[in-house]
Every structure is written in structure tokens, then in C-alpha cells.
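Engineer: Below are the C-alpha cells for one structure; questions will follow.
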Amino acid sequence: MASSEGANVAVIMVGGPTKGTRFRPLSFNLAKPLFPLAGQPMVQHPILACKKIPNLAQIYLIGFYEERDFTLYVSAISNELKVPVRYLREEKPHGSAGGLYYFRDLLMEENPVNIFVMNCDVCCSFPLSDMLAAHLKYKGIGTLLVKKVSAESASEFGEIVADAETGELLHYAEKPETFVSEWINCGVYIFTPEIFLAIQGVASERNNHGTLRRVSSFEALHFTTKSTQADFVRLDQDILTPLAGKRKLYTYETQDFWEQIKTPGMSLKCSSLYLAQYRLTAPDLLAKGDKSNSAKFVGDVYVHPSAKIHHTAKVGPNVSISGSARIGPGVRLIGCIILDDVEIKENALISHSIVGWKSIVGRWARVQGVGDYTAKLGITILGEDVQVEDEVVVTNCIVLPHKTLNLSVHDEIIL
Amino acid sequence: MKALILVGGFGTRLRPLTLSLPKPLVDFANKPMILHQIEALKTIGVTEVVLAINYQPDVMLSCLQEFEASLGIKIVCSREYEPMGTAGPLALARDTLIDGSGDPFFVLNSDVISQYPLKQMMEFHKTHGGEASILVTKVDEPSKYGVVVMDELSGRVHRFVEKPQVFVGNKINAGMYLLNPEVLDRIEMRPTSIEKEVFPKIAQENKLFAMVMPGFWMDIGQPKDYLTGLKLYLESLRKTHPEKLMDGPNVLGNVLVDRSAQIGDRCLIGPDVCIGPDCIIETGVRLSRCTIMRGVKVKRHACILGSIIGWHSTVGQWARVENMTVFGEDVHLSDEMYSNGGVVLPHKQINTSILSPKILM
């Protein structure tokens, strides 16, 4: 395997606030990329994966959140990792490829040989060093991480067709209406600097003649300005699709877990996936319960060092507890995320739920979900500062911030 | 004279409107809710108003400064850091409310819209000479509320009964009080309920009197009651200031329209409609029993009944909106779509019809 002598650079696309209301109510006060999965901010998982990249010069986060949303995080993680991490803000969305092109001068500052690009809302093992080895062998301008999924679920993503022998990307279709392939684009890429020429080519071709683009009527209604904006370039439809089959793009398969984190329900599922991955990559992060006054831990559990758990509580599997949380005597926690400063009082039970910052769950209360991560109301989500009074049962509900529940509720959104 | 307005917390019952503005600043009849009360207090000579809040977004402060300047009345915030109930805030604001003059002070509930018969309350209070006066209003279904059992002639209050199972009376607490400074001596600095702890004691000593509310009264803390309150308010406006209402061939019943709003031809507006500043109502629109907040655009041929459309939203051509639909700020309903009781959070685009009442996050 040839080692790369030159520098490498990584880019994580983090998106922005106007793009989705799907992460409400958790997104009211916190940028989605900073929401914790398995005890670490969502964006931290791809960032930590970048440690596998040799000669990594810089990590960039590109998005259109306010700068101040990321200032503290970025300086903290830079210090911890000893690799510079910078947040670059687009004043207006340029599309996933347009954003890369817009900041190309910065990205090329260290003359990188390879540019790693990842979507922040992808949950996977980020096999970057193996992917790099394959990329260097292929000698194309880009390598995509791909995975085989079920035929039904494939249509939610970008479907790809690859040559089984050479690994070349032959065909790309984004969210096709009819079946194209069971292989999907995972949203993790390695490019060479030639990608910028490809993006520029698309943008200038746009200026010369109109492109026939399949556009949903929703897009047509809402994005009338964007569709004519020459510098709005999407990686998938505008770059990968035309370049497929031209011996420039290649694929690398992963058989590990892969999910997209679009909704709070999925964040609960992905938190469990990352907790399971800690067994291999960071076993010290998982709670062991070996001290005499420890609570009982079952399966994968993450507990922030400042959280306090009574020794009669039973926690897990698949539980993540954030800083300053207090778990009282006799509490049972299953498949849940407990955010900062939460108090769970005696003998309460929380299962398949997300309990928002500073919330309080009363004694013998039960906060539960059916555990369907993709349904609209399949888990319970308590927003910030929600109080569930003693003995109240909350099932499959979404509760907005600052509410007090003194009666049992189920299958409801509570404003 | 001084007054205290109980503003309380996050206004969650009035979501999604209160996701954009704190409840006191949500517009009612084209005026921030709290301004209705502050103006009424100013009119009878109150010089200083304390707002008891336990959630203080900075938005409130800058608006309050504007009100202070334009009305010439002092407005102070008293912030509870833990919920103090309905009486605790009074203890918290003690130093402002007691100014040594011995004058009684008003306590109003910020969710209540009414005719504010404050002058009559003052006369009533002087006449009976008791320690506290409360305003009560007659309702059809008293068992939903706390009933005030009183002597019909003198107004002396015997007792309070919370949600009575049998009929004990049909007057409920209207959330407006006039209290002598001594009342504050009865309130400890802890979460306290004025109805459950303070008033019953004063009633026992035969010093609490109730005056029956003349005129309309409504607790507008939730969307359904907000619209009912608007109807009552506009009826009252018809009697007191009919020139403020809109008239014309396109108007039915009581309709209030801000001067800067534009209304196209062949519309039919009313009854009980309020249209805010900078709204654009295009040709052929039907509006009935609804509130259209500032900056909303209602496109041609649309029909909006019994709903609230939040600031800067859009209702598309031929769209039909009805049955207690509430749009938060910046919600856009596509052409030809139907919303039957949709409750939509801010910053959303709706491209499919909402066939039965539901919340869109």
C-alpha cells in the first residue's frame, strides 16, 4: 500500500438551521450536529474517525449555522485532538458541492493530496484508512463509500451501480422513483483536488445553457431562486451523476452499520450503534459498574463522569447519560438518552425515550416509547425543562419545552 | 396608584404563537395583549405597573421600554426564579406595591381581556370598606372553574369552591383584584395560591367582597378562547368606538383592520375578523371569525374560517383554512391546499392538505 506523503484534509458538511424542522423539539436550542450520541456530539464521531487519516493537516466543518453556535465546540475539540478544527460558515447554502468549491482556497491551503468529505448526519464506522488504501489504488478523482441495503429502503438514498471487478462507479441516481440498485451512497467520500475542476465545469456549463433537472414540485415552489442559482451545486446529482461511468469515480464497500440521523428517533438508534462500537474502539468509555457503590449496568452504557447514579438503579442496555444528571434510587433506564442536568426521581422507569436538558421525572413515573425509531410517534421525547409528575405515564409522546405533565398521556404531541 | 400584572411563564397553551414571542406581546386586536391592560391602568391613574414574570426573554424588555415612553407610565419587571404561584409574586413585589400612601393596588391576570371596569372597582372598594375586592363573572358552566360563593346584595364573599360537583353558584373569579396593602402581610415569600390560601382567610374575616363583572370577560390563554374573546371585544368596540371598525359592502358584522393592510376587491370579510398591519388580502378572499397577524399574505380566492394565521405567513390561492387552524410565524400553505384544524409550528412549508386536526412540527 502506497503511503501518502502529502497532507490530507477532511471536511464535514454540517448543514444549517433552515434545512430541517425534523429534529424538533431537540433542535430548538441546540444545533443538530452538537446533539450527543453515545455521550459525544454527533459531529464528534466523524471528527474522531479522522484521526485514522495519516498526515491530517486540518479538519473543516462547513455549514450555514451561526458561527457562534460552533465557536466553543471547535476550540475545545481542536485542543483535545491536537488537530486544528475550523468551522466555515456559508452565508447562503451553495449545495453540498458548491460549499466545497466556495471554500476551495482554504481547503487547498496545505496542498492536500486527498480531501475527505463526510456528511455530519451519517452514522457509521467511517473506515477511512481502508477506504484511503482503495482510493490510492484506483487513482481516480473520487472514491465513494457504498453499502448494500434492502431494495425497499434503497430508494430513500442515492443508488449506485458499480463494476464488480474494477470497483468503478458506473451509474448514480439520487432517490429514484423506480428501482435502480440495492447499493447506496453512504455520504463519505475521498476526492483529489481535481474535484474542484469538475465542480467548476458544472457551474460554468450552467451559465452557458439551461440544464434539464428533475425537480419535485415542492422544490419548484420553494426554491425558485435556487434552481436558477448557478453556484448551487449538489454533489450527488450535479457531480457524481454526470461523472459516473467515465473512469473517474470508484467505490469502496462497507458492511458495517450505516444509518442517517434525520430525526430524534434515529438519533436514539444511532446512539446505541455507537455505544456498541465503543466495545472495539473505546472500551473505557463504557460503564463498568465494578466499584462497590456502583449501580447495576446491563449492556452498553455511557455515563458522563459528572453524572450521579444511585447504586440501587439499574441502567441499560443502550443508555447514554450526560453531564450533571442525577439518577435516583431504584430507577430503571432502558434504551434512552438522558441529557444534561436531568433529575430522575426514585423508582421511575425510562425506556426508549430522550429526556431533555434540565427535565425532572417524578417518582414512580414511567416515560416510555414503543421503540419504533422511524415512526412519527415511536419513542417519547421530552424537550428542555419538562416536568413529569409522580406516577404519571408518558407513552410515545413528543413534549415541547417547559411543560409540566400531571396526567398520563399517550401518542400525542404536547405543545 | 400601583398595579401588578401576573404574567407567569412560557405561555405554552398559546403555542405555536408563543414560540415566536412571549405571551404578553402576542397581539390581540392588533395590540400586544399586555398593552390592553396597561392602557386601562394608565387611564384610571396608575403610575407604576409591576410585571410578575418567571421567564424573561430580552424581547420583552425592549418592548416595555417603548410602552413606558409612549404611555408615560413606569413599568418594572419582577422576576420569579422559581414558580411562586398566584400570590407569591405579590410578596416578591412588596416594596414596589407598598409606597406608604395606604392606597390599594390592582392585581390583574395577563391572560384576561375584558372591559376593565377599574373605576367601578375602586368605587365598590371604597363603599364596602373591606380589605380586598375581587371581580367575578357569571358563567354557564361553573363547575369547570373555581366558584365564588357570595352574598348577592352586599357582595360579601362566603367561600371559594374549586370545581364544584353540585351547583353552589355561577360566579367565578375573573382574575382582577383590588387589594389593600395589609393583604401583603398575609402572604409569605413562598409558592402560594391566592385563591386557595389567601382569599379564603380574608373571606373568613368577612373582609373580602366580590363585584359582578359588567361587560365582557375572557381568558384568552388558548387559541379557541382567543377567538371567542376577539368576538366579545369587537362587540364591545362597536358600542364604544364604532369608528374604529371597518364598514362597507364587503364587510359583515364587526371587523377590525389596521390602516396599513390592503384588501382586494370582491372579498367578503367578517364577522369577527381582525387584520393586522402590512397584511395583503387579495381579490376574492373570504375571512370569517379569524385573526390575521402582521405581514400575512392571503392569496386570491382563499377562504379562512375560525382560525389564527401567525405573523408573516402565507395562505395560497384557493386554499381553505378552518376549524381552529393555528399557523405560527412564517408558515406557508401552498395553493389549493386545505387545513382542517392544523396546528403548525413556525417556519414551515405545507404542501399537502391537513385533513384532520393535527400538529405539524
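The numbers here are math on the coordinates, done by the rules we state, and not lab data. All of these numbers come straight from a predicted model, not from anything done at the bench. A quick note on method: Cβ atoms are made from the backbone with ideal geometry, for glycine too, and the neighbour counts reach across all protein chains shown.
Engineer: Explain nothing, just the number: dipole magnitude of chain A about its Cα centre with +1 on each Lys and Arg Cβ and -1 on each Asp and Glu Cβ, in debye rounded to the nearest 20.
Structural biologist: Computed about the Cα centre, the dipole is about 460 debye.
Engineer: To continue, here is another question. Just to be sure I follow: if Rg is taken over the C-alpha atoms of the protein assembly as shown and Rh is the Kirkwood radius over the same atoms, what is Rg/Rh? Kindly include the intermediate steps, with their values, before the conclusion.
Structural biologist: Working: Rg = 30.7 Å, Rh = 29.7 Å.
In the protein assembly as shown, Rg relative to Rh is 1.03.
Engineer: Here's another thing I want to ask about it. Once the Cβ-Cβ distance between B:TRP318 and A:LYS262 is put in as r, and R0 is 22 Å, what FRET efficiency do you end up with, to the nearest 0.05?
Structural biologist: FRET efficiency, B:TRP318 to A:LYS262: 0.10.
Engineer: OK, next. At a Förster distance of 35 Å, what's the computed FRET efficiency of B:ASP103 paired with B:MET246, Cβ-Cβ distance as r, to 0.05? Before the final figure, lay out each step's value.
Structural biologist: Details: r = 41 Å, r/R0 = 1.17.
The calculated FRET efficiency here is 0.30.
Engineer: Next question. In the range B:87-176, with Lys and Arg counted as +1 and Asp and Glu as -1 at Cβ, which of these residues, B:SER143, B:ASN109, B:GLN120, has the Cα nearest the positive end of the dipole, that is, farthest along it?
Structural biologist: B:SER143
Engineer: State the answer as a single residue: which of B:VAL26, A:ILE160, A:TRP364 lies farthest towards the positive end of the charge dipole of the protein assembly as shown, with beta carbon charges of +1 for Lys and Arg and -1 for Asp and Glu, about the Cα centre.
Structural biologist: Of B:VAL26, A:ILE160, A:TRP364, it is A:TRP364.
Engineer: Quick check: pseudo-label points 7 Å beyond the Cα along Cα→Cβ at B:GLN349 and A:ASN79, how many nm apart are they?
Structural biologist: For the pair B:GLN349/A:ASN79, the computed spacing is 4.2 nm.
Engineer: For the Cα atoms of chain B, what angle does the longest principal axis make with the long axis of helix B:58-71, in degrees from 0 to 90, nearest 10?
Structural biologist: For helix B:58-71, the angle is close to 80 degrees.
Engineer: Tell me, what does the Kirkwood hydrodynamic radius of the range B:223-360 come to in angstroms if you use every pair of distinct C-alpha atoms?
Structural biologist: Taking the inverse mean of 1/r over all distinct Cα pairs, the range B:223-360 comes out at 14.5 Å.
Engineer: Provide the percentage of antiparallel DSSP beta bridges, counting only those with both residues in the protein assembly as shown; round to the nearest 5.
Structural biologist: Expressed as a percentage, antiparallel bridges in the protein assembly as shown total about 25.
Engineer: Which residues make up the longest stretch of chain B clear of GluC sites (Glu not before Pro) that lie in a DSSP loop with no more than 14 other Cβ atoms within 10 Å, not counting the sites?
Structural biologist: Longest run free of exposed loop sites: B:1-151.
Engineer: A further question follows. Which of rounded, prolate or oblate describes the range B:2-219 when judged by the alpha-carbon gyration tensor and an a/c cut-off of 1.5?
Structural biologist: Judged from the Cα gyration tensor, the range B:2-219 comes out prolate (a/c at least 1.5, a/b above b/c).
Engineer: Please label the shape of the range A:68-135 as rounded, prolate or oblate, based on the square roots a ≥ b ≥ c of the eigenvalues of the alpha-carbon gyration tensor (a/c under 1.5 means rounded; beyond that, a/b larger than b/c means prolate, else oblate).
Structural biologist: On the way: a/c = 1.43, a/b = 1.14, b/c = 1.26.
Cα axes put the range A:68-135 in the rounded bin.
Engineer: Now, a different point. Once label points are set 7 Å from the Cα along Cα→Cβ at both A:GLN255 and A:GLU389, what is their separation, rounded to one decimal in nm?
Structural biologist: 5.5
Engineer: Next up: Please give the Cα centre distance for the range A:259-303 versus the range B:5-78, rounded to the nearest Å.
Structural biologist: Value for the Cα centre distance between the two parts: 46 Å.
Engineer: For a Förster distance of 41 Å, can you work out the FRET efficiency between the beta-carbons of A:VAL370 and B:TYR81, rounded to the nearest 0.05?
Structural biologist: 0.60
Engineer: Using a simple spin-label model with points 7 Å from Cα along the Cα→Cβ vector, what separation in nm is obtained for B:THR127 and A:LYS296?
Structural biologist: 7.1
Engineer: Between helix A:128-138 and chain A, what is the angle of the helix's C-alpha long axis to the longest principal axis, kept within 0 to 90° and rounded to the nearest 10?
Structural biologist: That works out to roughly 10 degrees.
Engineer: Given an 8 Å cut-off on Cα distances and at least 6 residues of separation, report the relative contact order of the range B:223-360 as a percent. Intermediate values should be presented prior to the final figure.
Structural biologist: Working: 410 pairs, mean separation 18.5, N = 138.
Once normalised by length, the contact order is 13 percent.
Engineer: Here's something else I'd like to know. At a threshold of 8 angstrom on Cα-Cα distance, excluding pairs fewer than six apart, so keeping six or more, what relative contact order does chain B reach in percent?
Structural biologist: Numbers: 893 pairs, mean separation 45.6, N = 361.
That works out to 13 percent.
Engineer: Rank B:SER260, B:SER110, B:SER288 by mean-square fluctuation in a GNM of chain B with C-alpha springs under 10 angstrom and give only the top-ranked residue.
Structural biologist: In this elastic network of chain B, the residue with the biggest mean-square fluctuation among B:SER260, B:SER110, B:SER288 is B:SER260.
Engineer: Which value, in debye to the nearest 20, describes the size of the charge dipole of the protein assembly as shown about its Cα centre when Lys and Arg Cβ atoms bear +1, Asp and Glu Cβ atoms bear -1, and nothing else is charged?
Structural biologist: Working: 79 positive and 85 negative charges, 117 e Å.
Using only the charged Cβ atoms, the result is roughly 560 debye.
Engineer: Suppose the Debye formula is applied to equal point scatterers at every Cα of the range B:48-110; what is log10 I(q)/I(0) at q = 0.16, 0.20, 0.26 Å⁻¹?
Structural biologist: Here log10 of I(q) over I(0) equals -0.57, -0.88, -1.25.
Engineer: Residue separation times 0.36 nm, minus the C-alpha to C-alpha distance between B:ASP265 and B:GLU235: what's the value?
Structural biologist: 8.3 nm
Engineer: Give me the distance between the Cα centres of the range A:106-150 and the range A:44-89, rounded to whole Å.
Structural biologist: Rounded to whole Å, the Cα centres lie 17 Å apart.
Engineer: Does anyone have the angle between helix B:118-128 and the longest principal axis of chain B? Alpha-carbon axes, 0 to 90°, nearest 10?
Structural biologist: 20
Engineer: Considering every pair of different Cα atoms, what Kirkwood radius, in Å, is found for the range A:1-82?
Structural biologist: One decimal place: 14.0 Å for the Kirkwood radius.
Engineer: If you keep only loop residues by DSSP, which chymotrypsin sites (Phe, Trp or Tyr not before Pro) in the range B:306-339 have at most 14 other Cβ atoms within 10 Å of their Cβ?
Structural biologist: Of the chymotrypsin sites (Phe, Trp or Tyr not before Pro), not one in the loops of the range B:306-339 has a Cβ with at most 14 other Cβ atoms within 10 Å.
Engineer: In vacuo Debye scattering of the range B:102-221, one point per C-alpha: log10 I(q)/I(0) at q = 0.13, 0.16, 0.17, 0.20 Å⁻¹?
Structural biologist: Here the Debye-derived log intensity ratios amount to -0.47, -0.73, -0.83, -1.17.
Engineer: Let me know the longest stretch in chain B that avoids all trypsin sites (Lys or Arg not before Pro) found in a DSSP loop with at most 15 other C-beta atoms within 10 Å.
Structural biologist: B:1-258
Engineer: With a cap of 13 neighbouring Cβ atoms within 10 Å, and only residues DSSP puts in a loop, list the trypsin sites (Lys or Arg not before Pro) found in the range A:288-329.
Structural biologist: Those that pass, being in a loop and sparsely packed, are A:LYS288, A:LYS291.
Engineer: With unit charges on the beta carbon (Lys/Arg positive, Asp/Glu negative), name the residue among B:LEU305, B:HIS347, B:THR283 whose Cα is farthest towards the positive pole of the charge dipole of the range B:223-360.
Structural biologist: So the residue furthest toward the plus end is B:LEU305.
Engineer: Next question, about the same structure. Taking the alpha-carbon centroid of each part, what is the distance from the range B:165-191 to the range B:264-313 in angstrom?
Structural biologist: 40
Engineer: Let me ask another. Placing unit charges on C-beta atoms (Lys and Arg positive, Asp and Glu negative, everything else neutral), compute the dipole magnitude of the range A:36-94 about its Cα centre in debye, rounded to 20.
Structural biologist: Dipole about the Cα centre, nearest 20: 260 debye.
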